[in-house]
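One structure is given below, encoded as structure tokens.
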Amino acid sequence: MNFKFRNLVMPLLIGAVAISCEKKELEELTPNQLSTSETSNLTTSANILFEETFEGSTLFSGLREQFGTSYAFSTANSPVYNGSKSGRFELRDTDPMVSNGTRTEVVFPAQSNQNRWYAFSVYFPSNGYEKDSKGDVISQWHQGGGKNPSISLRTVYDKLLLDFRTDPGTPQKEYLLNPIAKDVWHTFVMHINHSHGSDGVIEIWHNGVKVFTHKGGNSYDSTYESPRWKLGIYKSPWNESNTTDVSKRVLYFDEIRMGNERATLAEMTPRKGSTSTSTTTTTTTSKVTSLTLVNADTDQDIMELKQGATLNLASLPTKNLNIRANTGSDVSSVTFSLSGAQSKTVTENRKPFAMAGDDMRGNYYNWTPSIGSYTLKATPSVNGSASAALNVSFTVVNQTTSSISSQTSTTSQSAGILTNVGGLKFVDGNSRTWSADANFNTGETSSKSFDVAGTTNDPLYLSYRYASNGATINYNIPVSASGVYTIKLHFMEPYFKRSGERVSNINLETNQVLSNFDVYAEAGFGRALVKTFTNVSITDGKLDLDLYSVKNNAILSAVEIIKQ
């Protein structure tokens, strides 16, 4: 091991991790629990403050070890990224809690300079790191006070995610970085200027490719302590003797480094040993190797999309589809150019590279193709330089029109009062003008960006209003005169991908017209749905519309009021 620390700040407190909807860990460190010793056997760049290669006899010198069992940490001869040894971390759901959490981690001292570089290689074994619906934290930065970490790198559903926040009381910003390939080494380099202000920076390179950049606040303010880096496995769902889909976690680490503010990407990148790289591997790292048709309802692969393929919508498991480009490790973006029965051009800058996009949490947005012939050109780029494209021609046949989309497409052309709920003024494909959202009492607005199935008026559904923490949404929309009206309520499920997750009751003029209403159960994800109610009597010059949340937050995209 090569080891060196400079300008260390003695710790007072260190907080613990809590991922959204998971338990908090509370941890206290006294000033004498972390060493600030300094050795002079550093053989790498002067900009490297710490390096652990697992080749020496003294490991993690100067760090605090949070190992609760004899198997929590050991060295291994295989797999290794460089040299002859790696570090093996193991955690089981029956392990005793360490520092009030189920963990096997090492803790770095706080740094006087908040501009730091971090690097490591990590290996996820298929036997020992199986898919789990509950998350693990593999790298995190704490700022004390028993609060959530300000920045953490974690895994869930075999996907790697980054989250960060500037206030421990607010939800973290969460970003999907990449799916996790098993039984291969992954290298990570992270440059972080820990700051609560606009000078904050997060840059991440995965396997030599820059996959994430954020400029702006990423840490708590000065009332909290300086961030401390932790590395290993922490699994809060196992706290208090609980368990999840799996009972054991095993990770291998190698080439762990911390660099100062003057460190460079070249200095920090984990070094590979003398193992040669074949010509085939070198030449495929910048290519699109294949295309995969994805079920956007379940986020599962359906089939490889090959040249000349015919997609029969009647026999596919869903009409909500997406297409993913599978690429070599060097690819930083893919431009999709679709031509034929439908046309679009879009560039995806983060994996998974999906033509219809995704929400960076592993949920694919949907594309519903029209019947006809298509050609899809997927062009990869490496740091802005385009490589050879993969071209695939295919045909879509035998599409059946669902009752939902038929109902949506036969929207009345009668003049009426049209409100684009959660959105701005909008002119639809039939030249009807929808007014901007108004006449509501509460709720939050949001919007998405993907192709909405069952409609050509996508903007009407992509903006919406949802209940704030389950509070009732009430609309009082003025009408021209009292009388009998037809009311059309427009919905689209933009987030959940199974029934029973968003349930609501809806009243018109104090009369319940929808009970335990579930958009997904009726329409699926990302598909327009219109519910029509006739003979609604309005006697006071205003339509009274109430949305009550039964489970999670009620939602609405648009309202039509038509005089009968």
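The values are calculated or read from the model by the stated rules, or taken from the named source; none is laboratory data. Small disclaimer: the values here were computed from a predicted structure and weren't measured. Cβ sites come from the backbone with ideal geometry, for glycine too, and all protein chains shown count toward neighbours. Areas reflect the complete protein model, heavy atoms only, side chains present, ligands, DNA and RNA absent. Shrake-Rupley method; radii C 1.70, N 1.55, O 1.52, S 1.80 Å.
Could you tell me how many of the residues in the range 438-455 are open to solvent by less than 30 Å² (accessible area, probe 1.4 Å) and of a type in the set (A, V, I, L, M, F, W, C)?
Residues that pass the stated criteria total 3.
Return the only residue of TYR157, TYR129, TYR123 being under 17 Å from PHE89 (Cβ atoms), among the aromatic types (Phe, Trp, Tyr) and open to solvent by 20 Å² or more (accessible area, probe 1.4 Å).
Working: TYR157 fails: under 17 Å from PHE89 (Cβ atoms); TYR129 fails: open to solvent by 20 Å² or more (accessible area, probe 1.4 Å).
None of the others qualify; the one that does is TYR123.
Looking at SER20, is it modelled with pLDDT under 50, closer than 30 Å to ASN242 by Cβ, surrounded by fewer than 18 Cβ atoms within 10 Å (Cβ to Cβ) and polar (S, T, N, Q)? Break it down into steps so the answer makes sense when it comes.
Values: modelled with pLDDT under 50: yes; closer than 30 Å to ASN242 by Cβ: yes; surrounded by fewer than 18 Cβ atoms within 10 Å (Cβ to Cβ): yes; polar (S, T, N, Q): yes.
For SER20, the condition - modelled with pLDDT under 50, closer than 30 Å to ASN242 by Cβ, surrounded by fewer than 18 Cβ atoms within 10 Å (Cβ to Cβ) and polar (S, T, N, Q) - is met.
Return the residue satisfying two criteria in turn: it lies in the range 197-220 and is of a type in the set (A, V, I, L, M, F, W, C) and over 15 Å from LEU161 (Cα atoms), and of such residues it is most open to solvent (accessible area, probe 1.4 Å). Talk me through it step by step, then tell me what you get.
Applying the first criterion (of a type in the set (A, V, I, L, M, F, W, C)) to the range 197-220 yields 201-202, 204-205, 209, 211-212.
Filter once more, so that each one left must be over 15 Å from LEU161 (Cα atoms): 201, 209.
On the way: VAL201: 30, VAL209: 8 Å².
Step by step, filter the range 197-220, then rank; the result is VAL201.
Scan (1) in contact (Cβ under 8 Å) with a residue 12 or more places away in the chain; (2) outside any strand (DSSP E or B); (3) among the small types (Gly, Ala, Ser); (4) within 30 Å of SER78 (Cβ to Cβ) for the single condition SER226 breaks and write down its number.
Status for SER226: all satisfied but (4).
Can you name the residue in the range 451-465 that is in contact with a Leu (Cβ under 8 Å, 6 or more places away or on another chain) and outside any loop (DSSP other than H, G, I, E, B) and, of all such residues, is farthest from LYS551 (Cα to Cα)?
Step one: filter the range 451-465 for residues in contact with a Leu (Cβ under 8 Å, 6 or more places away or on another chain), giving 452, 454, 463-465.
Now narrow it down to the ones that are outside any loop (DSSP other than H, G, I, E, B): 463-465.
Numbers: SER463: 21, TYR464: 18, ARG465: 16 Å.
In this case the residue turns out to be SER463.
Name the residue that is modelled with the highest pLDDT, counting only residues in the range 198-208 that are out of contact with any Gly (no Cβ under 6 Å at 6 or more places or on another chain) and outside any strand (DSSP E or B). Show your work before the answer.
Here is the first cut: in the range 198-208, the residues out of contact with any Gly (no Cβ under 6 Å at 6 or more places or on another chain) are 199, 201-208.
Keeping just the survivors that are outside any strand (DSSP E or B) gives 199, 207-208.
On the way: ASP199: 94, ASN207: 86, GLY208: 84.
Top of the filtered list is ASP199.
For the range 376-435, which residues satisfy the criterion of being at pLDDT 50 or above, open to solvent by less than 20 Å² (accessible area, probe 1.4 Å) and not in a loop (DSSP other than H, G, I, E, B)?
Listed by number, the residues that qualify are LEU376, ALA378, PRO380, SER381, VAL392, PHE394, VAL396, LEU418, THR419, ASN420, TRP434.
With the requirement that a residue be within 21 Å of GLY169 (Cα to Cα) and open to solvent by 10 Å² or more (accessible area, probe 1.4 Å), what does the range 221-243 give you?
ASP221, SER222, THR223, TYR224, GLU225, SER226, PRO227, PRO237
So, of the residues in the range 299-309 that are farther than 30 Å from PHE212 by Cα and either surrounded by 18 or more Cβ atoms within 10 Å (Cβ to Cβ) or small (Gly, Ala, Ser) (or both), which turns out to be nearest to the chain's Cα centre (by Cα)? Don't jump to the end; show me each part of the working.
First, the residues of the range 299-309 that are farther than 30 Å from PHE212 by Cα: 306-309.
Keeping just the survivors that are either surrounded by 18 or more Cβ atoms within 10 Å (Cβ to Cβ) or small (Gly, Ala, Ser) (or both) gives 308-309.
On the way: GLY308: 33, ALA309: 31 Å.
This residue is ALA309.
Taking the conditions exactly as written (farther than 25 Å from LEU462 by Cα and touching a Lys or Arg at 6+ places or on another chain (Cβ under 8 Å)), does GLY384 satisfy them or not?
Values: farther than 25 Å from LEU462 by Cα: yes; touching a Lys or Arg at 6+ places or on another chain (Cβ under 8 Å): no.
Judged against the criteria, GLY384 is not a match.
Looking at the range 162-196, which of its residues are assigned to a strand (DSSP E or B), of a type in the set (S, T, N, Q) and open to solvent by 20 Å² or more (accessible area, probe 1.4 Å)?
Within the range 162-196, just ASN193 meets the criteria.
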